[in-house]
Each structure stands twice: as structure tokens, then as C-alpha cells.
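Below is one structure, written out as C-alpha cells, with a few remarks after it.
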Amino acid sequence: MTTATRATRHRLSADGVPVGQAWTGRHLLDVDQLTPPEIAACLELAVEMRERRERRERLQTLAGETIGLAFYEASTRTRVSFELAAGALGATVVDLRPDASSATKGESLLDTLRTLERTGVTTVVLRHRAAGAPYLAARGTGLRIVNGGDGAHAHPTQALLDALTLRDALGELPGRKIAIVGDIGHSRVARSNIHLLGALGMRVRLAGPAAWVRDFERWPGVEVHRTLDEALRDADAVMALRVQLERGAGGGIPTLGEYRRRWGLNEERMRLARLDAPLLHPGPTNEGVELTAALAGAPRSLIGRQVTNGVAVRMAVLSLLSGAT
Ligand code: ASP
């Protein structure tokens with residue numbers, strides 16, 4: 001059976017075990033490893049997971065598995081939603097808490113992960129400040145690795161939940177224009193979204209201070225705009241990104257105030273986009289910098305919806321990986 005036919009045959013047993021369907025990869029390192037049918041299967045399964053979660057069903061998809069959370073960088077949404085997703089699928093969850101682990105005594109990443117493996121952990125969701133850390137972990141241990149965000153490189157589950165949120169709001173995505181605005185250079189969210197939304201047929205526009213969009217002109221399929229207005233004009237959706245001060249973003253702009261004046265989103269600027277064009281932000285926001293509080297709370301803001309979809313998408317991801325060898 002081919003990958004395509006396997007991935008599109010979408011069915012769940014009564015206790016939530018995907019039947020006749022799995023991703024072919026053993027790990028989820030970034031979205032560029034997924035075929036179009038695998039992306040479609042994930043989004044479909046996430047919708048089903050969302051409904052089953054709303055009905056408060058407890059699934060047994062991962063009964064007997066132990067999932068480790070190893071977040072070497074701060075996280076609220078990703079960590080909590082993976083924990084809830086794993087629990088809702090019947091897995092046992094252990095949170096490594098690197099700041100309270102032997103990592104503080106100098107233990108290497110691989111030694112720590114191998115220790116987890118020996119305790120019976122089967123899958124680790126890894127977040128790390130070093131781009132590529134999940135790839136190293138996938139090669140250097142017997143664990144299944146899910147990338148929960150590596151440096152400025154990739155954040156695959158964020159892109160999948162953004163795609164689901166956009167599909168909820170816009171229906172069909174092919175040909176739709178999305179403006180991704182802000183600190184693109186330091187953003188793993190932007191990189192994974194450029195791949196995924198492009199693969200789903202969206203037209204991706206980028207806009208931000210010159211220092212943060214510099215290398216993206218060469219990326220296939222993206223349009224880089226020099227002004228915010230140009231990028232927003234007739235956009236079907238808009239995604240704002242957080243200014244990543246912890247990754248040295250401050251060096252690319254004079255001050256946050258100046259960033260806000262030139263690139264910050266507000267309701268007036270959003271009028272350039274299509275009527276009611278949805279607004280996304282992966283969170284957390286720098287309050288009042290990337291967007292005004294009024295816009296964050298406006299009906300077109302899907303920031304809360306993104307968080308809710310995050311749990312369903314992570315349930316789908318863990319389920320689809322569990323079938324792969
Ligand atoms: N939460 C997202 C991430 O971990 C976005 C951000 O932090 O700005 O990449």
C-alpha cells in the first residue's frame with residue numbers, strides 16, 4: 001500500500017486508535033517531512049479529536065505509553081497542550097523540568113534523554129534553544145522525538161494548529177493570501193508556517209523590518225513586502241509574530257516603540273486586509289507591541305482558538321506517530 005492511500009484512509013476505532021492509518025516517519029521534526037496526504041490526515045484527525053474532546057471522551061490510543069516532556073526553553077501553550085493531549089489519549093506523562101534536572105549539573109542532552117529512555121519513556125516532546133537539537137536526539141537515542149520548537153528553526157505542531165485554525169475560518173486554503181508580519185528572522189513559527197501553508201496552496205507574504213526578512217527573498221513561493229500596508233492589502237488572513245528579544249531581535253530595530261509605530265497591527269491597519277480577515281498570533285504577545293489589546297480581543301482575532309486547536313492537533317500528531325515505526 002502506498003503512503004498516500006494509507007494516510008488518506010482515515011478512521012478511528014471506538015477507543016480512538018487510528019485504524020489503517022499512520023504517518024510514515026517515526027519522528028516529527030518539521031513539517032517539511034510530511035506529504036500532502038499526511039498533512040490532510042492530521043488536520044482531519046484533529047477535527048475528530050476536537051469533537052471527541054468536547055464530548056469529554058477518554059481515548060486509549062496511547063495506553064501503556066509514557067511520554068516525556070523535555071522543555072529546555074520556557075513554554076506555556078505547547079507544554080500544557082502536549083500534556084493534556086497525551087493524557088486524553090491514555091498515556092502516562094512525565095515532565096522532565098530541565099531547570100530542576102541533572103541538566104543543571106552539566107549532564108548532556110543525549111545523556112539526559114537516554115536516561116529517560118531507560119526508565120521506559122517511549123516518546124519525548126523536546127523544546128530546545130539550539131536549532132537542530134531534536135534531530136540530534138532522534139539520531140542519538142531510541143526515543144520517538146516530537147519537535148516542540150528548536151531555536152529559530154522549526155515549530156511543526158504550531159504550524160499544523162495554525163493551518164487548522166485558518167481552515168476553520170477560511171474553508172479552502174489554496175490561493176488564499178496570508179500576510180505574516182514581524183520578527184520573521186528569529187521565528188521558528190514563521191519557518192514552519194511558510195513550508196506548511198505553502199504546501200497547502202496559500203500565497204505567503206512576509207513583511208517586517210529589513211534585518212528580519214533579509215534572507216527570505218530566496219525562499220521559493222514567498223513574496224517579501226517592504227511595507228506593512230503592501231503586505232496587508234487584500235490579505236485573506238494575517239499572522240503577527242512576537243518580537244523575539246531573547247534571540248537578539250532588539251539588534252534589528254531601534255526601539256520597541258518604533259517597531260510598534262511602523263509594524264504594529266491595529267484595527268485601522270487591518271482594514272486594508274479583506275473584510276473580517278482572521279488575525280492569528282502564536283503567543284505569547286508583547287502587549288501593545290505586535291498588536292493592540294483592542295485588536296487582540298476583536299472578533300477577528302483567533303488567538304484563543306489557536307490555543308484550543310493546539311490540544312486537538314497534538315492529539316492527532318501523537319496518534320499518527322504512534323502507528324509509525
Ligand atoms: N510560542 C511560540 C514559540 O515557541 C512563539 C513565540 O514564542 O513567540 O516559538
Practice problem: Helix by helix through the chain, keep the DSSP H runs that span 15 Å or more along the axis on Cα and average at least 0.5 on Kyte-Doolittle, and give those back in order. | Solution: 303-322
Quiz item: Leaving out ligands, DNA and RNA, what percent of the accessible area of the chain is carbon and sulfur, probe 1.4 Å?
Solution: 49 percent
Quiz item: Under a 5 Å amide H to amide H cut-off, with H placed in plane at 1.01 Å, what residues pair with residue 288 once short-range neighbours are removed?
Solution: 293
Quiz item: When the Cα centres of segment 26-61 and segment 142-186 are compared, how far apart do they sit, in Å?
Solution: 14 Å
Exercise. In whole angstrom, note down how far apart the Cα centers of segment 234-262 and segment 265-324 are.
Key: 16 Å
Quiz prompt | Nearest-20 debye value, the chain charge dipole, Cβ charges on Lys, Arg, Asp, Glu | solution = 160 debye
Self-check item: Probe 1.4 Å - accessible area at residue 259, Å² to nearest ten
Solution: 10 Å²
Quiz item: Does segment 70-151 come out rounded, prolate or oblate, given a ≥ b ≥ c as the square roots of the eigenvalues of its C-alpha gyration tensor, rounded meaning a/c under 1.5 and, failing that, prolate meaning a/b above b/c?
Solution: rounded
Quiz item: Using a Förster distance of 41 Å, how high is the FRET efficiency between residue 172 and residue 108, based on the Cβ-Cβ distance and rounded to 0.05?
Solution: 0.30
Exercise. Can you figure out the FRET efficiency of residue 55 with residue 276, using R₀ = 22 Å and their beta-carbon distance, to the nearest 0.05?
Key: 0.15
Quiz item: Which Cα, out of 208, 100, 241, lies furthest along the positive dipole direction of the chain (beta carbon charges, K/R +1, D/E -1)?
Solution: 100
Quiz item: With a ≥ b ≥ c the root eigenvalues of the C-alpha gyration tensor of segment 138-209, is it rounded (a/c under 1.5), prolate (a/b larger than b/c) or oblate?
Solution: oblate
Quiz prompt | residue 210-residue 293 FRET efficiency (beta carbon distance; Förster radius 25 Å; 0.05 resolution) | solution = 0.35
Quiz item: What fraction of the DSSP beta bridges in the chain is antiparallel, stated in percent and rounded to the nearest 5?
Solution: 5 percent
Quiz prompt | Accessible area in square angstrom per residue, the chain, 1.4 angstrom probe | solution = 42 Å²
Self-check item: For segment 221-325: rounded, prolate or oblate by the Cα gyration tensor [a/c cutoff 1.5]
Solution: prolate
Practice problem: Please get the size of the charge dipole for segment 121-226, origin at its Cα centre, with Cβ charges of +1 on Lys and Arg and -1 on Asp and Glu, quoted in debye to the nearest 20. | Solution: 120 debye
Quiz item: For the residue pair residue 229 and residue 40, what label-to-label distance in nm results when each label sits 7 Å from Cα along the Cα-to-beta-carbon direction?
Solution: 4.2 nm
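The values are calculated or read from the model by the stated rules, or taken from the named source; none is laboratory data. Keep in mind the model is a prediction, meaning the values are calculated, not measured. In this analysis, Cβ positions are derived from the backbone assuming ideal geometry, glycine residues included, and neighbour counts consider all displayed protein chains. To get the accessible areas, we keep the full protein, side chains included, count just its heavy atoms, and leave off ligands, DNA and RNA. Shrake-Rupley method; radii C 1.70, N 1.55, O 1.52, S 1.80 Å.
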